[in-house]
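Engineer: First the structure, which I've put down as structure tokens, then a few questions once you've had a look.
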Amino acid sequence: MHLLGKTLLSSAFHQPTPFPKLPCFAFFLKAMVVLANQVDQISLLRAPKPDANFSGIPVINLAEAGSVDAMIKACEEFGFFKVINHGVPINIMAKLEEEAVKFFSLPQVEKEKSGPPNPFGYGNKRIGPNGDVGWVEYLLFAVTSKPFSYTSMPFLQEPSASLFRWEEREDIISALNEYISAVRKLASEVLELMAEGLKIEPRNVFSKLVMDEKSDEIFRLNHYPPCPLFQGLNCSLTGFGEHTDPQIISVLRSNNTQGLEIALRDGSWVSVPSDQESFFINIGDSLQVMTNGRFNSVRHRVLANGSKSRVSMIYFGGPPQTERIAPLPQLMGEGEQSLYREFTWEEYKKAAYKSRLADYRLGQFEK
Ligand SMILES: C=C1C[C@]23C[C@@]1(O)CC[C@H]2[C@@]12CC[C@H](O)[C@@](C)(C(=O)O1)[C@H]2[C@@H]3C(=O)O
Ligand SMILES: O=C(O)CCC(=O)C(=O)O
Ligand SMILES: [Fe+2]
């Protein structure tokens, strides 16, 4: 399967466009044929282009004392918000972005040495084990808080370290470690504010799960190369198909290239204005369950850009494998019934890895 993937896909990026500009419909057909050859999936093509920027994304200012109520409202209405004044130094973000750009600029054959992603490593267009594809290449890392023998890379689990053959890559490893420890701290701070806003004790009821030394955290670098075939046209291409994140919380940062979209509660899609200095927080499925559906795990997707590369970095904070995920008793009103049957994170993760990206994964755990 891996060999098949390589044969079909390895040269799909960075192809010069073979066609002159045509009216959109004719072009769309041509593009379908070209991309069908290249990507093996015409389902990535989308028309028309996404709507203009949505101005209603909630912005939470961490330096402001009164931001807690706005955060709870954002978790309920959107399952998504932007965080400013987060305290993470810009140079930590910029340094990792620089290393990511360097990695993704390597020759394909070099990048493939860090793959395939099963589940960790370099991946190109194929997302997950069940046939999903997107106009994206990425690196997926397992994260641990326990230092181990590779002193220079305390956050990368041993299998990742040898898989990436990065023992010598002090530059990228230290940029990764610095970045991951900063966003992990941010995730914990945000989760503590959520508990405060929900008026539940203890304050670390959510944050302790991602701060636990056995917490199951993932880190991801995504690169969406420009797709020149689409430049100046009213069409777009799926970079990362619609889905919800299974974990508790995701902390996303991207360069200044547009592409991320979220679904509103009425099912409509809106485009999130990019902001390279801020972080975006996604509520994951596990937090939706722990709040018995009060918080909404946000459906989101990424559309690739005709002319600009998008680079994003996402920290996924998950609980320890054995953690039981169920609505918190402190949050249940009198007579309120749990919407979900109890499960362990390990169970949920196994089910998630059997699913397709767009599947409603919580369905099988509903009562
Ligand atoms: C299609 C898949 C990719 C994914 C594992 C899955 O089977 C379903 C969930 C997907 C997702 C979405 C959020 C994160 O990007 C991710 C790492 C995760 O934990 O769940 C991906 C998985 C992946 O890319 O391997
Ligand atoms: O790359 C992005 O901006 C978002 C990707 C995403 O949602 C994911 O990797 O789970
Ligand atoms: Fe996601």
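Engineer: Give me the one-decimal nm value for the distance between modelled label points at Lys113 and Ser309, 7 Å along each residue's Cα-to-Cβ direction.
Structural biologist: 1.9 nm
Engineer: Next question. So for each of 221-229, 90-98 I average, over its residues, the number of other beta carbons within 10 Å; can you give me the resulting order with the highest mean first?
Structural biologist: Going by the mean number of other Cβ atoms within 10 Å, highest first, we get 221-229, 90-98.
Engineer: Once you list every other residue whose beta carbon is under 11 Å from the beta carbon of Pro202, what net charge do they have if Lys and Arg are +1 and Asp and Glu are -1?
Structural biologist: Combined, the nearby Lys, Arg, Asp and Glu give -1.
Engineer: Stretched out fully, how many nm does the piece from Tyr353 to Leu106 gain, at 0.36 nm a residue minus the Cα gap?
Structural biologist: Extra length from Tyr353 to Leu106 when fully extended: 86.0 nm.
Engineer: Then there's this: By per-residue mean of other Cβ atoms within 10 Å, what is the highest-first order of 116-128, 63-75, 332-344, 248-260?
Structural biologist: With the highest mean Cβ count within 10 Å placed first, the list reads 248-260, 116-128, 63-75, 332-344.
Engineer: Then there is this: Going 7 Å from the Cα of Trp269 toward and past its Cβ, which residues in the stretch 64-102 have a backbone nitrogen under 17 Å from where you end up?
Structural biologist: Flagged as within label range: none.
Engineer: With 26 Å as the limit, write out which pairs from Lys125/Lys308; Lys214/Lys350; Lys73/Lys208; Lys82/Lys113; Lys214/Lys367; Lys82/Lys308 have Cα-Cα distances beyond it, or answer none.
Structural biologist: Those over the limit are Lys82/Lys113; Lys214/Lys367.
Engineer: Give, as a single signed number, the net charge of other residues whose beta carbon lies under 13 Å from the beta carbon of Leu339, with Lys and Arg counted +1 and Asp and Glu -1.
Structural biologist: Surrounding charge for Leu339 is -1.
All of the numbers you see were taken from the coordinates with simple rules; none came from a lab. Everything numeric here is computed off the predicted structure, so don't read it as measured data. Cβ atoms come from the backbone with ideal geometry, glycine included; neighbour counts cover every protein chain shown.
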